[in-house]
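> Encoded as structure tokens, here's the structure I'll be asking about.
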Amino acid sequence: DAGVHSKAWYAATCDRKMAEDALYRSNKDGSFLIRKSSGQDSQQPYTLVVFYNKRVYNIPIRFIESTRQYALGREKSGEERFDSVAEIVENHQRTSLVLIDSQNNTKDSTKLKHIVRVS
């Protein structure tokens with residue numbers, strides 16, 4: 001279990017558009033939630049959705065079968081791995097998360113600060 005179901009930041013019934021709309025409405029840097037990934041792929045079960053600098057970032061959360069751990073984004077060497085999705089959130093509430101904008105090729109970073117609830 002990823003440790004998401006009882007968490008305030010987990011939007012169980014939320015799709016990508018609902019998540020993005022909720023974050024745009026919050027309009028606060030560091031606003032975030034976690035939703036199920038659109039693809040429902042067991043290798044990428046969840047998506048971390050973060051608002052920063054008037055943009056919404058959808059960051060895939062990967063499940064690593066071999067170690068039964070989770071990691072953010074595409075696989076890279078030396079990546080941080082976590083035992084649960086909750087640990088990813090707790091970690092990035094304390095340490096900044098790098099946000100990569102692949103369209104404009106820019107990097108930003110923010111901490112996860114404001115939990116957004118989807119109504």
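> If I filter the stretch 66-79 down to residues being modelled with pLDDT under 95 and charged (D, E, K, R), which single residue comes out as most open to solvent (accessible area, probe 1.4 Å)?
Among them, the one singled out is Arg74.
> I'm trying to understand the selection: among the residues of the stretch 1-41, which are under 28 Å from Arg68 (Cα atoms), among the aliphatic types (A, V, I, L, M) and not in a loop (DSSP other than H, G, I, E, B)?
If the condition is that a residue be under 28 Å from Arg68 (Cα atoms), among the aliphatic types (A, V, I, L, M) and not in a loop (DSSP other than H, G, I, E, B), then Ala11, Ala19, Leu33, Ile34 are the ones that fit.
> If you don't mind, another one. Would you check which residues across the stretch 82-111 are open to solvent by 90 Å² or more (accessible area, probe 1.4 Å) and either at negative phi or under 12 Å from the mean Cα position of the chain (by Cα) (or both) and list them?
Residues satisfying the conditions are Asp83, Arg94, Ile100, Ser102, Gln103, Asn104, Lys107.
> Would you be able to tell me the number of residues in the stretch 46-56 that are in a strand (DSSP E or B) and either among the aliphatic types (A, V, I, L, M) or open to solvent by 20 Å² or more (accessible area, probe 1.4 Å) (or both)?
Within the stretch 46-56, residues that are in a strand (DSSP E or B) and either among the aliphatic types (A, V, I, L, M) or open to solvent by 20 Å² or more (accessible area, probe 1.4 Å) (or both) number 7.
> In this structure, does Asp41 turn out to be over 14 Å from Arg117 (Cα atoms), open to solvent by 20 Å² or more (accessible area, probe 1.4 Å), of a type in the set (Asp, Glu) and out of contact with any helix residue (DSSP H, G or I) (no Cβ under 9 Å at 6 or more places or on another chain)?
yes
> Now, a different point. Between residues in the stretch 3-22 that are aromatic (Phe, Trp, Tyr) and residues that are open to solvent by 20 Å² or more (accessible area, probe 1.4 Å) and outside any strand (DSSP E or B), which pairs lie under 9 Å by C-beta distance while being six or more apart or on different chains?
These pairs meet every condition: Trp9/Arg117.
> Still on this structure, please answer the following. Cβ-Cβ below 9 Å, separation at least six or inter-chain, first residue in the stretch 103-119 and free of Cβ contacts under 8 Å to residues at least 12 places away in the same chain, second surrounded by fewer than 16 Cβ atoms within 10 Å (Cβ to Cβ) and of a type in the set (A, V, I, L, M, F, W, C): which pairs?
Thr106/Ile100; Lys107/Val98; Lys107/Ile100
> Quick check on the stretch 1-38: of everything there that is touching a strand residue (DSSP E or B) at 6+ places or on another chain (Cβ under 8 Å), polar (S, T, N, Q) and farther than 18 Å from Gly73 by Cβ, which residue is surrounded by the fewest Cβ atoms within 10 Å (Cβ to Cβ)?
Asn27
The values are calculated or read from the model by the stated rules, or taken from the named source; none is laboratory data. Since the model is a prediction, treat every value here as computed from it, not as a measurement. We place every Cβ from the backbone using ideal geometry, glycine too, and count neighbours over all the protein chains shown. SASA here: full protein model, heavy atoms, side chains in, ligands and nucleic acids out. Shrake-Rupley method; radii C 1.70, N 1.55, O 1.52, S 1.80 Å.
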